[in-house]
1. Could you list, in sequence order, the residues of region 181-204 that are in contact with a strand residue (DSSP E or B) (Cβ under 8 Å, 6 or more places away or on another chain) and loosely packed, with under 13 Cβ neighbours inside 10 Å?
2. Kindly check whether there is at least one residue in region 279-292 that is crowded, with 17+ Cβ neighbours inside 10 Å, among the hydrophobic types (A, V, I, L, M, F, W, C) and touching a Cys at 6+ places or on another chain (Cβ under 7 Å).
3. Give me the pairs, please: first residue somewhere in region 240-254 and without any contact (Cβ under 8 Å) to a residue 60 or more places away in the chain and within 14 Å of P283 (Cα to Cα), second residue anywhere and surrounded by 14 or more Cβ atoms within 10 Å (Cβ to Cβ) and β-branched (V, I, T), beta-carbon distance under 6 Å, and either six or more positions apart or on two chains.
4. Kindly establish whether I365 is among the β-branched types (V, I, T), surrounded by 17 or more Cβ atoms within 10 Å (Cβ to Cβ) and in contact with a strand residue (DSSP E or B) (Cβ under 6 Å, 6 or more places away or on another chain).
5. Kindly indicate whether G233 is over 20 Å from K191 (Cβ atoms) and either touching a strand residue (DSSP E or B) at 6+ places or on another chain (Cβ under 7 Å) or among the small types (G, A, S) (or both).
6. State all residues of region 358-393 that are under 30 Å from G160 (Cα atoms) and assigned to a loop (DSSP other than H, G, I, E, B); if no residue qualifies, say none.
7. Filter region 198-220 for residues that are part of a helix (DSSP H, G or I) and either of a type in the set (A, V, I, L, M, F, W, C) or outside the structural domain of G261 (by TED's automatic domain parsing) (or both) and give the result.
8. Among residues belonging to region 347-363 that are more than 28 Å from E62 (Cα to Cα) and among the polar types (S, T, N, Q), point out the one that is modelled with the highest pLDDT.
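The values are calculated or read from the model by the stated rules, or taken from the named source; none is laboratory data. Quantities reported herein were computed from a predicted structural model and do not represent experimental measurements. In this analysis, Cβ positions are derived from the backbone assuming ideal geometry, glycine residues included, and neighbour counts consider all displayed protein chains.
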Amino acid sequence: MEKSLFHIASEKEIKEGKVTDVYFLRTLEILRAKKVDKWVKAEFIAKSLPGNWEWGVLAGIEEAVSLCKGMRIHLETMREGTFFRPYQPVMTIEGMYSQFVLYETALLGLICQASGIATQAARFRKLVNHRPIISFGARRMHPGLAPMIERNAFMGGCDGVAVVRSAELLGLEPSGTMPHSLILIFGDTVKAVEAFHEVIDKKIKRVALIDTLADEKFETIRVAEALGKDLFGVRLDTPGSRRGDFPRILEEVRWELDLRGFKDIKLFVSGGIDEASISDLNPYVDAYGIGTAISNAPVVDFSMDIIEIEGTPFCKRGKMGGGKQVLRCRKCHRDEIRPIPKKTQKGKKSCSCGGVFENLLESMIQDGEVLKSLPHPKEIRKYVLKQLPSFPI
């Protein structure tokens with residue numbers, strides 16, 4: 001067998017069930033040897049969310065559906081991009097256990113990391129308000145994961161992504177300014193910025209990196225005077241060891257630009273931006289490049305648990321048995337988790353506020369056939385942004 005160039009599993013290996021914890025493989029071996037197989041329903045829930053998160057953004061559904069396509073199972077999911085809360089089933093899978101026992105590991109991996117990234121991006125989106133955010137964090141992760149990371153960062157609320165392949169898959173132009181290396185090679189910030197201006201397509205906005213060699217305020221003045229109206233913005237990526245009072249540095253830069261008539265030049269910041277820093281930076285910042293805080297977002301700790309066997313509620317301790325509905329009021333966004341009503345029962349459809357409940361779980365796969373077309377990431381992003389005002393941080 002030819003050795004893989006990178007330490008990642010192929011699509012074929014994932015689809016063949018090779019990315020599984022070994023105890024599932026042994027379970028399947030035992031069930032086959034004993035000729036035991038049962039119709040099972042299992043749900044995917046997170047009992048808690050990282051840090052102080054009160055909600056998450058569900059992501060990874062497109063990949064989960066791709067994995068389950070062709071299996072003789074029934075899959076229900078929340079729509080990708082749906083905001084969810086702890087203990088709410090975001091996905092259920094139903095079928096003979098032998099059909100999906102080998103895929104629990106992969107299915108959890110697909111939604112746990114993607115949902116963490118999308119949620120963190122949505123939190124930043126809410127904190128920065130209208131200001132653009134560019135995903136800069138792919139370099140902190142394995143390159144094989146870059147498209148997944150930036151897809152979910154974009155869906156969660158980022159306005160652009162830096163990696164070329166990620167942007168291609170999203171139907172975007174990649175976003176970025178210039179690296180410190182360009183300035184170091186030229187030995188001078190203005191010379192590097194002028195070379196960028198001469199060579200790079202004019203449709204690319206001129207944003208100068210101004211923290212490489214000298215004081216940010218004076219480098220900004222030099223660059224602004226050199227490019228004049230062609231300069232769209234400056235980016236401060238000031239290292240943490242030299243930052244001191246970063247908002248004060250930005251205030252000085254803004255003051256000096258305005259004083260000289262460069263009121264239209266935008267201020268971009270990047271490097272080590274986290275949630276706690278946003279409120280202090282917002283008064284001065286026009287756009288953010290956010291890297292590690294999004295790409296290394298904490299995963300959402302989903303688990304998959306059996307809740308029914310042969311149509312009868314049956315689960316381990318600490319779980320609630322039986323199939324469930326996750327209902328959300330369209331008016332006040334209050335949620336309720338209820339047992340799936342029997343055919344002879346009618347569930348309450350109206351909320352106490354007068355709004356109408358809708359079930360967030362919908363059928364996605366029946367006997368291997370995908371029932372719904374999967375939306376483009378741009379549509380998912382619109383859906384996330386539409387929900388965002390109703391979910392406070």
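1. Once the filter is applied, which keeps residues that are in contact with a strand residue (DSSP E or B) (Cβ under 8 Å, 6 or more places away or on another chain) and loosely packed, with under 13 Cβ neighbours inside 10 Å, region 181-204 yields nothing.
2. Scanning region 279-292, I find no residue that is crowded, with 17+ Cβ neighbours inside 10 Å, among the hydrophobic types (A, V, I, L, M, F, W, C) and touching a Cys at 6+ places or on another chain (Cβ under 7 Å), so the answer is no.
3. Close Cβ pairs (under 6 Å, with a partner that is surrounded by 14 or more Cβ atoms within 10 Å (Cβ to Cβ) and β-branched (V, I, T)) amount to V253/T220.
4. Numbers: among the β-branched types (V, I, T): yes; surrounded by 17 or more Cβ atoms within 10 Å (Cβ to Cβ): yes; in contact with a strand residue (DSSP E or B) (Cβ under 6 Å, 6 or more places away or on another chain): yes.
Here the answer is yes, as I365 does meet what is asked.
5. Working: over 20 Å from K191 (Cβ atoms): no; either touching a strand residue (DSSP E or B) at 6+ places or on another chain (Cβ under 7 Å) or among the small types (G, A, S) (or both): yes.
Taking the combined requirement at face value, the residue does not satisfy it.
6. Those that are under 30 Å from G160 (Cα atoms) and assigned to a loop (DSSP other than H, G, I, E, B): L360, K372, S373, L374, P375, H376, F391, P392, I393.
7. Kept after step one, since they are part of a helix (DSSP H, G or I), are these residues of region 198-220: 198-199, 216-220.
The answer is V199, F218.
8. S352
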